[in-house]
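The values are calculated or read from the model by the stated rules, or taken from the named source; none is laboratory data. Here the structure is a predicted model, which means the values were calculated and not measured. Here the Cβ positions follow ideal geometry from the backbone for every residue, glycine too, while neighbour counts run over all protein chains shown. The accessibility values were calculated without ligands, DNA or RNA, using every heavy atom of the protein model including side chains. Shrake-Rupley method; radii C 1.70, N 1.55, O 1.52, S 1.80 Å.
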Amino acid sequence: MRQETRFRPPLYWQSQLLLLIVVPVCCIWIFFQTVEAWERRDPVLVQTAGICIFFGLAVWIARAGTVPAIFTGVLVTACLYLRFPGRETALWCLVAMLTLTLAATRFGRKHKEKLGVAERPSGRSAAQVAANLGVAALACLPAHAPWVAAAGVCAALSESTADTLSSELGQVFGGRPRLMTTFRPVATGTDGGITLAGTACGCLGAATIAAVSAWTFHFNLKSGINVFSCGALGLFLDSLLGATLERRGLLNNDAVNFLSTLASALCAERIAGLLGR
């Protein structure tokens, strides 16, 4: 009796590669942080465990992700809190992002189902979580000064929020999208397709995360603009990569999302380093 093989989308290996990069690096860094905090008897370990359990249960109850996706998200949560513990934590930006993106994904679901672009009922996969949040976790690694790392983390979350809102709300309000490179009308859901309404919603999402980051880390106006502009820059880069490399079958959507958030984070960190504290 022949066994049915499970269908794998094109360039599935790129999604798996992202997981192989993000998950082990996060686990290793969390391990060393845990050992160091244990030696100091730092209560941050108990705080981190409690927060991770809360986040995991919240996502599970909301059915916003699969079990592997929840595990990946918990790793990201742990990285963000261990790097920025206490009240001034990057988790406020993560909470804002999750709230906005979940609401945008659920909004107009029946209309999206008719168009065939609605998210799966099981929620996001682990690869999607790694693609959208992996850079924010990797930016926590102690390669930069705290305020530089904070700029990178917040810019990555800003771009991810902008991308999701632009796509999800643009499908509801935007009408017929146009290709980023030629501005010719294309079908809804086409890689690299943009709408004016979707772009506006995306920029508003990026501005929201920038405002939350400025409130959390006491950024001045220049630093807040840095987070917003780099997040918006990543949004347009995402559409450009979608209209070119993704349409040609060289990148899948997870790789495009990861590269876009990576560009936003690197750009924000570079500018933050130049601006100073």
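Considering the conditions (1) closer than 27 Å to Glu269 by Cβ; (2) open to solvent by less than 30 Å² (accessible area, probe 1.4 Å), Ala207 is excluded by exactly one of them, (2). Consider segment 172-188 and keep the residues that are β-branched (Val, Ile, Thr) and open to solvent by 30 Å² or more (accessible area, probe 1.4 Å). The one that is modelled with the lowest pLDDT is Thr188. The C-beta contact set for segment 130-144 (first residue more than 10 Å from Arg83 (Cβ to Cβ), second residue open to solvent by 10 Å² or more (accessible area, probe 1.4 Å) and charged (D, E, K, R), distance under 7 angstrom, 6+ apart or interchain) comprises Ala131/Asp254; His144/Glu269. Listed by first and then second residue, the pairs linking a residue in segment 186-210 that is closer than 16 Å to Thr101 by Cα to a residue that is among the aromatic types (Phe, Trp, Tyr) and buried (at least 19 other Cβ atoms within 10 Å of the Cβ), with Cβ atoms under 6 Å apart and 6 or more places separating them unless they lie on different chains, are Ala206/Phe228; Ala207/Phe228; Ala210/Phe228.
Rundown of residues vs (1) over 16 Å from the mean Cα position of the chain (by Cα); (2) over 19 Å from Val44 (Cα atoms); (3) among the small types (Gly, Ala, Ser), yes/no style:
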{"residue": "Gly65", "(1), (2), (3)": "no, yes, yes"}
{"residue": "Ile70", "(1), (2), (3)": "no, yes, no"}
{"residue": "Val76", "(1), (2), (3)": "no, no, no"}
{"residue": "Arg83", "(1), (2), (3)": "yes, no, no"}
{"residue": "Arg87", "(1), (2), (3)": "yes, no, no"}
{"residue": "Leu94", "(1), (2), (3)": "no, no, no"}
{"residue": "Thr101", "(1), (2), (3)": "no, yes, no"}
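Within segment 261-277, residues that are surrounded by fewer than 17 Cβ atoms within 10 Å (Cβ to Cβ) reach no partner that is outside any helix (DSSP H, G or I) and among the basic types (Lys, Arg) with beta carbons closer than 9 Å at six or more positions or on different chains. On inspection, Val148 fails the criterion of being at pLDDT below 95, among the β-branched types (Val, Ile, Thr), surrounded by fewer than 17 Cβ atoms within 10 Å (Cβ to Cβ) and in contact with a Gly (Cβ under 6 Å, 6 or more places away or on another chain).
When segment 77-90 is filtered for residues that are open to solvent by less than 10 Å² (accessible area, probe 1.4 Å) and either farther than 16 Å from Thr34 by Cα or in contact (Cβ under 8 Å) with a residue 60 or more places away in the chain (or both), the ones remaining, listed by number, are Cys79, Leu80, Thr89, Ala90. Figure legend. Inter-residue proximity from segment 23-39: first residues part of a helix (DSSP H, G or I), second residues open to solvent by 60 Å² or more (accessible area, probe 1.4 Å), beta-carbon distance below 9 Å, spacing 6+ or different chains. Indicated pairs: Val23/Phe71; Trp29/Pro142; Ala37/Pro43. Here Asp191 clears all of (1) out of contact with any Asp or Glu (no Cβ under 9 Å at 6 or more places or on another chain); (2) at pLDDT below 90 except the condition numbered (1).
A quick yes/no check of all residues on (1) touching a residue at least 60 places away in the same chain (Cβ under 8 Å); (2) not in a loop (DSSP other than H, G, I, E, B):
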{"position": "Asp42", "(1), (2)": "no, no"}
{"position": "Phe55", "(1), (2)": "no, yes"}
{"position": "Trp60", "(1), (2)": "no, yes"}
{"position": "Leu75", "(1), (2)": "yes, yes"}
